[in-house]
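The values are calculated or read from the model by the stated rules, or taken from the named source; none is laboratory data. Just so you know, these numbers come straight off a predicted model, no measurement behind them. A quick note on method: Cβ atoms are made from the backbone with ideal geometry, for glycine too, and the neighbour counts reach across all protein chains shown.
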Amino acid sequence: MAPALTDSLPTAAHQLNSQVPIDIFPDGLKTTGQHPPLYDHIQPFDTFPKEISGPTVWKAEDYRETPEKWVHVFTEEQIEELSNAADAFLAAKIPLTGISKSNFPLPKLASYLQELKKEIIDGRGFILFKGFQVQKWGNHKSAVAYMGLGTYLGYFVSQNSRGHVLGHVKDLGEDSTQIDKVRIYRTNARQFFHADDSDIVGLLCIARALEGGESDIVSSHHVYNTLQKERPDVLRTLTEPIWYFDRKGETSKGQEEYIRTSVFYLERGENGRVYSKWDPYYVRSLTRFSDAGIIPPLSPAQQEAIQVLEATCNRLALHMILEVGDIQFLANSHILHARTAYRDYAPPAPRRHLMRLWLATPESEGGWKLPFWDSNEKKRGGIQVDDQAPVAPLDAE
């Protein structure tokens, strides 16, 4: 069997005999961070499916008029269970970075969340919860209940070089045009369709904007099928490992400032599913290296692929608005998401604020068989710089 089709993964050289410092990572688990793919596991376009079928392929019209299929309103009993678990966790004075299923028991919700996890990873890939009591609970208790809920879907991983395992999507006044330095979630600019560097992303709405900041999601498998029919040349370009992604300075010692990768991959093994990994901001921000001749500039075919992919996502997207107390969970493997630009209320009104979780689901717990060395690691993906400890701030910083 060809190496690209094998199921097994090598152990990365820098992981051999490595020890995670317990004084920094109390649970003994460290976010593995961003890495290049294993290039011998990248398949040529001709081996990709001509059409994807199954529950991961959905159209906006399948759900636009039937929110009951993808919206879950928390019951009073579920809210009470979350509230009691959060109160007990706070009373135990455990650091928020130490939250886990073992110290956040949800005996009644657990079975539902286990089924939901399967639906997110292997099914339609998204859900919208309503009725989370953020205004009653305040930010601290809300963060505890939210992270506790998240532990039933995956392991939280670091989202930036500062080790934030509880992220905050909020306009901090940073310059969104400085895309080689600035993470767009810290601005009020439009976010184009993309996937975050985790298996599942969660967004809890704490405060809404005056206008804008609305959410769009799309099945990347529906996008894939559409491109196969309409623009197979574009799809071929997206499967080639010719794309460079910026690290934006969030690198450990000795790592390169960019990663050469593909946009669409196949899972390892037989009948591998199509996995997408994309963010145009991280591709367009590399002119400092391409202008210097260090990496190739984007070709005309790549420039066109970026435009066609975004236009196709926009055409096929499901639109939703997150109200205060709503939680959106999405699979990054086969969902791309975007948000519109927004404008905040004038002070002293609170700015638009979403609490964000990046959750990892390793292969051993149902995760996809990704062509990366860390596919079997519990906290695969995310962003980890050297031994930066995990932190869980209660607001943006």
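Worth a mention:
- Candidates Ala301, Ala317, Ala311 - the one that is under 30 Å from Ala145 (Cβ atoms) and among the small types (Gly, Ala, Ser): Ala317
- Test: residue in region 225-243 that is under 20 Å from Asn160 (Cα atoms) and either part of a loop (DSSP other than H, G, I, E, B) or small (Gly, Ala, Ser) (or both): no
- Members of region 56-106 found to be assigned to a helix (DSSP H, G or I) and among the charged types (D, E, K, R), listed by number: Glu61, Asp62, Glu68, Lys69, Glu76, Glu77, Glu80, Glu81, Asp87, Lys101
- Subset of region 315-366 (residues that are polar (S, T, N, Q) and in contact (Cβ under 8 Å) with a residue 60 or more places away in the chain): Gln328, Asn332, Ser333, Thr340, Thr361
- If you go through region 253-275 and keep only what is surrounded by fewer than 16 Cβ atoms within 10 Å (Cβ to Cβ), in contact (Cβ under 8 Å) with a residue 24 or more places away in the chain and of a type outside the set (Asp, Glu), you end up with Lys253, Arg260, Gly269.
- Within region 54-87, being in contact with a His (Cβ under 9 Å, 6 or more places away or on another chain) and loosely packed, with under 15 Cβ neighbours inside 10 Å holds for Gly54, Lys59, Arg64.
- Lone unmet requirement of (1) hydrophobic (A, V, I, L, M, F, W, C); (2) at pLDDT below 95; (3) under 25 Å from Glu119 (Cα atoms) for Leu172: (3)
- Taking the criterion of being in contact with a Leu (Cβ under 7 Å, 6 or more places away or on another chain), surrounded by fewer than 23 Cβ atoms within 10 Å (Cβ to Cβ) and not hydrophobic (A, V, I, L, M, F, W, C), the residues of region 183-210 that qualify are Arg186, His194.
- Here region 311-353 is the region considered, the condition is being within 18 Å of the chain's Cα centre (by Cα) and charged (D, E, K, R), and the residue that is surrounded by the fewest Cβ atoms within 10 Å (Cβ to Cβ) is Asp326.
- The listed residue being in a loop (DSSP other than H, G, I, E, B) and modelled with pLDDT of 95 or more, out of Asn139, Asn188, Asn160: Asn160
- Filtering region 54-98 to residues that are under 18 Å from Gly138 (Cα atoms), out of contact with any strand residue (DSSP E or B) (no Cβ under 7 Å at 6 or more places or on another chain) and touching a residue at least 40 places away in the same chain (Cβ under 8 Å) leaves Ile79, Leu82, Ser83, Ala85, Ala86, Asp87, Phe89, Leu90, Pro95, Leu96.
- The lone exception for Leu90 - which of (1) within 24 Å of the chain's Cα centre (by Cα); (2) surrounded by fewer than 15 Cβ atoms within 10 Å (Cβ to Cβ) it fails: (1)
- Condition check for Leu29: part of a loop (DSSP other than H, G, I, E, B), of a type outside the set (S, T, N, Q) and on the phi < 0 side of the Ramachandran plot: yes
- Residue within region 214-237 that is crowded, with 20+ Cβ neighbours inside 10 Å, without any contact (Cβ under 8 Å) to a residue 60 or more places away in the chain and more than 18 Å from the chain's Cα centre (by Cα) present: no
- Verdict on Gln114 being exposed (fewer than 14 other Cβ atoms within 10 Å of the Cβ), touching a residue at least 12 places away in the same chain (Cβ under 8 Å) and under 28 Å from Ala195 (Cβ atoms): yes
- Of the candidates Gly148, Gly98, the single residue that is small (Gly, Ala, Ser) and in contact with a Pro (Cβ under 6 Å, 6 or more places away or on another chain) is Gly98.
- Test for Gly131: is it of a type in the set (Gly, Ala, Ser), touching a residue at least 60 places away in the same chain (Cβ under 8 Å), surrounded by fewer than 18 Cβ atoms within 10 Å (Cβ to Cβ) and in contact with a helix residue (DSSP H, G or I) (Cβ under 9 Å, 6 or more places away or on another chain): yes
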